[in-house]
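**Q** The following block contains the structure, expressed as structure tokens.
What follows is calculated from the coordinates using simple rules that are stated; it is not laboratory data. Please read these numbers as outputs of a predicted model, since none were measured by experiment. No Cβ is skipped: glycine too gets one built from the backbone with ideal geometry, and neighbour counts run over all protein chains shown.
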Amino acid sequence: MIRFDNVTKIYDSKGRPALDSISLEIDRGEFAFLVGASGSGKSTFLRLVLKEDRATRGAVYVAGQNVANISSWRVPKMRRGIGVVFQDFRLLPQKTVFANVAFAMQVIGKSRGIIRETVPEVLKTVGLEGKENRMPHELSGGEQQRVAIARAVVNRPGILLADEPTGNLDPTTSLGIMKVLDKINQNGTTVVMATHDDDIVNSMRKRVIELRNGVIVRDEAKALYTSMIPVVSSAQKHDDGPRVSEVGSANEAEGNK
Amino acid sequence: MRLAFVLGEIGSGLRRNLSMVVSVILVTFVSLTFVGAAGLLQMQITQMKGYWYDKVQVAVFLCSDNSSSPNCAAGPVTDEQKKNIESLLSSPAIKQYVNSSNYESQADALKHFKEQFANSPIVDSVSADQLPSSFRINMVNPEKYQIINESFSSVPGVDSVVDQRQLLEKLFSVMNGASVVAVGIAALMVVCAVLLIATTIRLSAFSRRRETGIMRLVGASKAVIQLPFVLEGVIAAVIGAVLASTTLWLVAKFFVEDNLAQQYRDTAFISANQALLVAPVLILLGILLAGVSSLLTLRKYLKV
């Protein structure tokens, strides 16, 4: 579903690359955590998937298509296949819950009938039935994030990107959000979630991709937030992930010489 | 559905930015009024040219008692000299340029003078022998005035040859100057309008950046995102253009048609209907101004 092929992203030609020759593949229907400290390249990764930025080198494939080859007027169509959730919810404060979710359908020209049918369904999926007419400021943080998730998935995208969706929420609320994301994932949507919430990662036991300074230092299935394999030395650190692809580790080794 | 959505967005945008929208309307109104005024002035000049150039003639004034030119040193024109001039007029060399010609005696001149200044007390103090007699020549091509001038100005008994068109040229040059000034002010105001529209769109885009950000994320097309902003500017500009057209029509109707045209019946003035011809041009210009400036602004401030 998402494939990075030796992708490098450089914002500032003098500084360190934000992403340094990254190669990885996330399959259809997979749930993957993207972990790492601030500045490790998580957000850059998500921006490249959305074609908000261009890769400096290498190729990014989304749903089998090289995003560099998507002409600018077809980018909106591509983005309809990707839902996005942010740490700060990004709801429209003067619209009701229903209107916020419906907005995502209106702007791509869905008919009123389909909107009236689909929105309550999606709100039920995220656990917000009966709150259609509330305003965002009347909701708790967790509920607001559920609205944002509902908006992200209402057009049934194949991919859901979540950038620190629990960053503003307490642990209990976060767990509720994770259940929603898990449910969406079980309905067949590929979910990529950037986070540094170790409790959540540990409780979910999903694939974990760890970034540090723009390189993948770990890629494990059913993993914890911190590596289960003890780190021996910094030189070996990059080779310890069992799921790091051959190309990726070779490049990282090269990059560290 | 999408149309309804775009219309709703325009409505909320106009409401949220009301004071800016009003200023856009006023600036386009003033600038387009000047553009239209320049256009109407030009129409008026063309109209007058067509009207007067048919009537205006070259006048060959003959010597009278009051003439002071050296050609008239011998005193007033004699009958013999008059005949000589008449035959010169009908000679083949001159005739090809002349459409028609007639003789205006001193008595005729006094009659015309009295008609022209009917309301002025000067009429009572003028007598026929103070006014020169003349040949009035209507030329096939008024531009060839110089030929008449060269042929007649040194003929005995001729005081002076006057191209009356030149008197009108002065008037036209004043009117041309006025329309140049109007165009200059219009250009300045158009620049103001463009900048103001750009600023308005920028503000509008900024105040709605949440919405547009979300629209972008859920894959709204460029048109759906940008159209409300462009149309916002276009609607304001069109309202301004309609106001400008209305103003020009009112001026043409009540000032020119009902006032000037009544006072100066022998002059051709533009009609209110002709002012209506300017309206579509102004509206088109308003749409173009707003459309282009908002598209340029959006390219810079609204990434899609």
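**Q** Looking only at segment B:26-85, which residues are in a loop (DSSP other than H, G, I, E, B) and surrounded by fewer than 16 Cβ atoms within 10 Å (Cβ to Cβ)?
**A** B:ASP65, B:ASN66, B:SER68, B:SER69, B:ALA73, B:ALA74, B:GLY75, B:THR78
**Q** All but one of (1) more than 14 Å from chain B (Cβ to nearest Cβ); (2) closer than 18 Å to A:VAL97 by Cα; (3) buried (at least 17 other Cβ atoms within 10 Å of the Cβ) hold for A:MET193, so report the exception by its number.
**A** Result: A:MET193 fails condition (2) only.
**Q** Right, another one. Mind checking which helices (runs of 4 or more DSSP H) fall wholly inside segment A:14-128 and carry at least 2 residues that are within 11 Å of chain B (Cβ to nearest Cβ)?
**A** A:75-79, A:97-106, A:112-125
**Q** From the list A:GLN65, A:GLN87, A:GLN94, A:GLN106, exactly one residue is over 30 Å from A:LYS131 (Cβ atoms) and of a type outside the set (Asp, Glu). Which is it?
**A** Just a single option satisfies the conditions, and that option is A:GLN65.
**Q** Considering only segment A:66-95, state which residues are touching a strand residue (DSSP E or B) at 6+ places or on another chain (Cβ under 7 Å) and surrounded by fewer than 15 Cβ atoms within 10 Å (Cβ to Cβ).
**A** Residues satisfying the conditions are A:ASN66, A:ALA68.
Let's see how each residue does on (1) within 21 Å of A:GLN94 (Cβ to Cβ); (2) in contact with a Ser or Thr (Cβ under 8 Å, 6 or more places away or on another chain):
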| site | (1), (2) |
| --- | --- |
| A:VAL119 | yes, no |
| A:THR125 | no, no |
| A:ASN155 | no, no |
| A:VAL180 | no, yes |
| A:GLY188 | no, no |
| A:ASP198 | no, yes |
| A:ARG205 | no, no |
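**Q** If you scan segment B:181-211, which residues turn out to be buried (at least 23 other Cβ atoms within 10 Å of the Cβ) and within 14 Å of another protein chain (Cβ to nearest Cβ)?
**A** Residues satisfying the conditions do not exist here.
**Q** What about A:ASN133, is it of a type in the set (S, T, N, Q), closer than 27 Å to B:LEU3 by Cα and more than 14 Å from every other protein chain (Cβ to nearest Cβ)?
**A** Here the answer is yes, as A:ASN133 does meet what is asked.
**Q** Separate question: What are the residues in segment B:108-156 that are in contact (Cβ under 8 Å) with a residue 60 or more places away in the chain, among the polar types (S, T, N, Q) and in a loop (DSSP other than H, G, I, E, B), if any?
**A** Listed by number, the residues that qualify are B:SER133, B:SER153, B:SER154.
**Q** Would you pick out the residues in segment B:7-19 that are closer than 14 Å to B:ILE197 by Cβ and either of a type in the set (Lys, Arg) or crowded, with 21+ Cβ neighbours inside 10 Å (or both)?
**A** B:GLY13
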